[in-house]
2 protein chains.
Amino acid sequence: MRQDHRLSRMLHVLIHLDRHRKHATSEEIAEMLRTNPVVVRRTLAGLRKAGLVASEKGHGGGWRLARGLGEITLRDIYTALGEPPLFAIGNAQDNPVCLVEKAVNSAIDHTLEQAQALMMDRFATITLADIAADFDKRLLDYPVEARRFGHVRDHDKTGS
Amino acid sequence: MRQDHRLSRMLHVLIHLDRHRKHATSEEIAEMLRTNPVVVRRTLAGLRKAGLVASEKGHGGGWRLARGLGEITLRDIYTALGEPPLFAIGNAQDNPVCLVEKAVNSAIDHTLEQAQALMMDRFATITLADIAADFDKRLLDYPVEARRFGHVRDHDKTGS
DNA sequence: GCCACATGTAACAAACAAAGTTACAAAATT
DNA sequence: AATTTTGTAACTTTGTTTGTTACATGTGGC
């Protein structure tokens with residue numbers, strides 16, 4: 001199955017938009033995500049409609065956060081993306097009259113609903129500020145770790 | 001995204017294999033699932049390797065259960081299918097050096113792992129016998145319900 | 001032994017959704 | 001007016017499940 005990476009990507013972008021540059025064009029963001037500016041606009045468009053980011057056209061234009069990281073949960077972003085399907089497994093509807101199929105699907109649905117509730121609950125709890133704090137922690141730990149292998153020189157290197 | 005319906009389909013087949021016919025050819029099963037016999041063989045092959053079903057060639061051959069419904073959990077079937085991906089969302093790996101991406105992916109992974117643990121736990125708890133019991137219950141309730149709408153005449157109609 | 005039946009499997013085609021691309025319109029700044 | 005940048009439609013590519021075709025292998029009945 002082909003996975004939807006938009007949630008992950010949007011978290012990535014929004015945190016960069018707070019930590020590294022308050023303003024970035026689709027082009028710059030696309031470079032960061034190693035993708036195409038149109039993909040960036042298309043995906044960020046959903047977040048704009050939800051009031052999470054704002055965009056400006058023309059010279060000096062681009063994208064910026066419309067709220068603080070502490071005011072954006074993963075749930076907000078998931079919703080802004082149109083609540084894409086969470087699961088790669090699902091019910092077959094091969095014979096809608098069959099009562100065996102109904103019983104089977106009911107059992108699977110019940111489990112999926114529980115898992116979905118758990119995920120929505122977790123997503124609603126986690127803010128971008130939480131993830132940014134984890135990033136800050138990694139930033140402090142990383143060079144110490146990396147110097148042992150001789151990979152990094154600058155203490156403030158972030159990776160992208 | 002395109003969902004994997006094999007788990008649902010296999011539950012469906014195995015319960016029919018207990019409740020309605022102890023023996024069925026790929027052709028007959030394919031008709032029930034409204035699909036192709038080769039798809040049936042391909043999918044049931046995994047269950048055979050796991051010892052859940054047995055197959056016989058030639059005249060009077062076909063598929064049958066190798067264990068009782070009470071000895072088969074949803075988890076067993078999920079495993080027999082090769083543990084296909086559960087989630088339709090996942091982490092982007094656009095810039096493996098970026099510490100922001102690492103922090104983001106760590107947060108998402110953590111949630112997905114919790115959800116996966118919950119699902120595996122539920123699947124391990126539910127046996128095919130449980131679902132078959134639910135089917136039996138629906139079989140009793142269904143005609144009463146349906147007669148109000150004039151859809152069914154026979155009390156023992158199962159649907160497929 | 002031969003034939004019909006059934007599984008076993010490889011190889012390929014179709015279907016579908018996310019991601020990527022191209023093209024151009026619209027708006028804002030210089 | 002020229003340039004930059006977003007906005008969006010239309011199309012292509014890609015990856016995965018499902019479906020199909022073709023044929024080999026094994027089994028039982030006559």
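Here the relative contact order of region B:24-96, from alpha carbon pairs under 8 Å that lie six or more residues apart, stands at 25 percent.
Taking each full run of DSSP H in chain A as one helix, which ones are at least 20 Å long along their axis (Cα atoms) and have mean Kyte-Doolittle hydropathy of at least -0.5? Helix filter hits for chain A: A:99-125, A:128-147. Coordinate range of the alpha-carbon atoms in region A:1-94 per principal axis, descending: 55, 28, 20 Å. Less than 5 angstrom separates the built amide H of A:Cys98 from none of the residues sequence-distant by 5 or more or on a different chain. Across identical copies of the chain, A:Gln93 has label-point separations of 3.5 nm, listed in ascending order, with the point defined 7 angstrom from Cα along Cα→Cβ. What a 1.4 Å probe finds exposed on region B:12-85 is 48% carbon and sulfur by accessible area, rounded to a whole percent. For chain B, what number of Lys pairs, 8 or more residues apart or on separate chains, have alpha-carbon atoms under 23 Å from each other? Lysine pairs meeting both conditions in chain B amount to 6. Between B:Ala124 and A:Asp109, the modelled labels are 2.7 nm apart [label points 7 Å from Cα along Cα→Cβ].
Taking only the Cα atoms of region B:45-107, the ratio Rg/Rh comes out at 1.32, with Rh defined as the Kirkwood radius.
Counting Cβ atoms of other protein chains within 10 Å of each Cβ in B:109-121 and taking the mean gives 4. Buried accessible surface for the B/A chain pair comes to about 5200 Å², total over both chains, computed with a 1.4 Å probe.
Between the residues B:Ile126, B:Ala24, A:Ala132, the greatest Cα displacement towards the positive end of the dipole of the protein assembly as shown, with unit charges on the Cβ of Lys, Arg, Asp and Glu, is found for B:Ala24.
Dipole check for chain B: with +1 at the C-beta of Lys and Arg, -1 at the C-beta of Asp and Glu, and the Cα centre as origin, the magnitude is about 620 Debye.
Shown for B:Gln114: label points 7 Å from Cα along the beta-carbon vector, and their distances to the equivalent points in the other copies, 1.6 nm in ascending order.
For chain A, what is the relative contact order in percent, using Cα pairs closer than 8 Å and at least 6 residues apart in sequence? Reported as a whole number, the value is 22 percent. With no solvent and one point per C-alpha, what does the Debye sum give as log10 I(q)/I(0) for the protein assembly as shown at q = 0.11, 0.15 Å⁻¹? Debye output, listed in q order: -0.80, -1.10. Residues considered: A:Ala54, A:Ala80, A:Ala107. Largest GNM mean-square fluctuation over chain A, using C-alpha springs under 10 Å, is found at A:Ala107.
Taking every protein chain into account, the accessible area of the protein assembly as shown amounts to 51 square angstrom per residue (probe 1.4 Å).
Semi-axes of the equivalent ellipsoid of chain B are 36, 22, 15 Å, computed as sqrt(5λ) over the eigenvalues of the C-alpha gyration tensor in descending order.
The values are calculated or read from the model by the stated rules, or taken from the named source; none is laboratory data. Owing to the predicted nature of the structure, the values given are computational and were not obtained by experimental measurement. Cβ sites come from the backbone with ideal geometry, for glycine too, and all protein chains shown count toward neighbours. These area figures cover heavy atoms from the full protein model, side chains too; ligands, DNA and RNA do not enter into them. Shrake-Rupley method; radii C 1.70, N 1.55, O 1.52, S 1.80 Å.
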